């Protein structure tokens, strides 16, 4: 097996020192047999520039609220831009990355993503991209590890853990069923430091289907979906964050 020429840099460099990386396979941590890969911090070959751009925008400066996760989180400033600008832009950081899995967020954290930020609230939405290759138990375990890691790295923050949004047009969709099984497990993480919020029932129709008006691709919400999300978490945010005057 050919050793990647990026092996040493990736092990040694912090997040703020990412080199420009060509489209080739980079160092990937090995996962021992029997170990859940969703719990092992892992980079992706294709996203270092996106991670660096986020770090350049938000790294090493205080934000009252940190949002983290995958494309659903990333699109707060895209699809959800109206409510983002109204409620969060002044005092929030959005570290969501398109296509990320749980293990990718763990890797970003391991490279110092939230060092020096000291948020009051962390909003986590992650796991839908793990549904393609992981069991519900593996995804739930990965999310539990991620929550613990955020608790350790942001000791003054209250964590809002979002239930994974429903996916697939029909209630019988395999992804939808798996997401429901994951959510049933991670709901138990709620305690004095973690609030679990599931807005899934508000994103589906009475017959259990998902409308293209709500989620055009049956994964990502439209602007009204982001409004629903914002309204659901605002009472919790208000407990911990003083609105900017």
Multiply the residue separation of residue 156 and residue 193 by 0.36 nm, subtract the distance between their alpha-carbon atoms, and state the gained length in nm to one decimal.
12.4 nm
If each of residue 181 and residue 45 carries a label point 7 Å out from its Cα toward its Cβ, how far apart are those two points in nm?
2.9 nm
Which shape class applies to the chain: rounded if a/c is under 1.5, otherwise prolate when a/b exceeds b/c and oblate if not, where a ≥ b ≥ c are the square roots of the Cα gyration tensor eigenvalues?
oblate
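Could you give the length gained by full extension between residue 228 and residue 110, i.e. 0.36 nm per residue of separation minus their alpha carbon distance, to one decimal place? Each step should come with its number before you reach the end.
Working: separation 118, 0.36 × 118 = 42.48 nm, distance 3.15 nm.
Roughly 39.3 nm would be gained on extension.
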Highest GNM mean-square fluctuation among 153, 108, 87, for the chain with Cα springs under 10 Å, belongs to 87
Quickly work out the residue 57-to-residue 172 label distance, labels modelled 7 Å from Cα along the C-beta direction, and quote it in nm with one decimal.
4.1 nm
Given labels modelled 7 Å from the Cα in the Cβ direction, how far is it in nm from residue 132 to residue 238?
4.0 nm
Taking a ≥ b ≥ c as the square roots of the eigenvalues of the Cα gyration tensor of the stretch 101-207, is the shape rounded (a/c under 1.5), prolate (a/b larger than b/c) or oblate?
prolate
Identify which of 233, 72, 126 has the largest mean-square fluctuation in a Gaussian network model of the chain, with springs joining Cα atoms closer than 10 Å.
233
By its C-alpha gyration tensor, with a ≥ b ≥ c as the square roots of the eigenvalues, how is the stretch 53-114 shaped: rounded for a/c under 1.5, else prolate for a/b larger than b/c, else oblate?
oblate
Cα-based Debye curve of the stretch 38-169 sampled at q = 0.13, 0.15, 0.18, 0.19 Å⁻¹ gives log₁₀ I(q)/I(0) of -0.49, -0.66, -0.98, -1.10
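Could you order the peptides 130-143, 199-212 from most to least packed, using the average number of other C-beta atoms within 10 Å per residue?
Numbers: 130-143: 19.9, 199-212: 14.1.
Descending mean neighbour count gives 130-143, 199-212.
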Compute the separation of the alpha-carbon centres of the stretch 217-245 and the stretch 55-117 and state it in Å as a whole number.
14 Å
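Every number in this text was worked out from the coordinates using simple rules, so none of it is lab data. Remember, it's a predicted structure, so these values are computed and weren't measured experimentally. Here the Cβ is made from the backbone with ideal geometry for all residues, glycine too, and neighbour counts use every protein chain on show.
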